[in-house]
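Each remark here refers to the structure printed beneath this line.
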Amino acid sequence: MTTLIALTRMMESYSHAVAPTRECEAWRLFIEECRCDLHRLPSSDKADLLVPEGFAQYWSLVSMGESRDFDPKSGDYLVGA
């Protein structure tokens with residue numbers, strides 16, 4: 001099982017790697033999905049929450065640059081993905 005804080009660290013690393021001077025689109029969508037799906041923000045005091053398996057798998061793939069939904073070099077959402 002993966003915690004929200006572990007997933008957040010992975011996504012932060014990815015965002016900094018692909019967009020060092022800005023927040024990448026993947027990071028912004030991750031924050032939004034945390035808020036909508038988990039009812040938590042990654043910065044909340046409940047960030048040690050275990051996240052559902054599918055949520056963790058999806059965002060882990062994004063953080064490794066292996067998602068078809070995001071450009072692995074920029075973190076931008078790929079329209080029509």
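The values are calculated or read from the model by the stated rules, or taken from the named source; none is laboratory data. As the structure is a prediction and not an experimental result, all values here were calculated from the model. No Cβ is skipped: glycine too gets one built from the backbone with ideal geometry, and neighbour counts run over all protein chains shown. Each accessible area value is taken on the protein alone, full model and side chains, heavy atoms only, with ligands, DNA and RNA left out. Shrake-Rupley method; radii C 1.70, N 1.55, O 1.52, S 1.80 Å.
Just to verify a result, which residue in the stretch 1-22, among those that are in contact (Cβ under 8 Å) with a residue 12 or more places away in the chain and not in a helix (DSSP H, G or I), is least open to solvent (accessible area, probe 1.4 Å)?
Checked the stretch 1-22; the qualifying residue least open to solvent (accessible area, probe 1.4 Å) is Ala19.
For the subset of the stretch 1-12 comprising residues that are among the hydroxyl-bearing types (Ser, Thr, Tyr) and more than 10 Å from the chain's Cα centre (by Cα), which member is farthest from Asp48 (Cα to Cα)?
Here the residue is Thr2.
Out of everything in the stretch 23-54 that is in contact (Cβ under 8 Å) with a residue 40 or more places away in the chain and not in a loop (DSSP other than H, G, I, E, B), what residue ends up being surrounded by the most Cβ atoms within 10 Å (Cβ to Cβ)?
Among those residues, the one meeting the criterion is Ala26.
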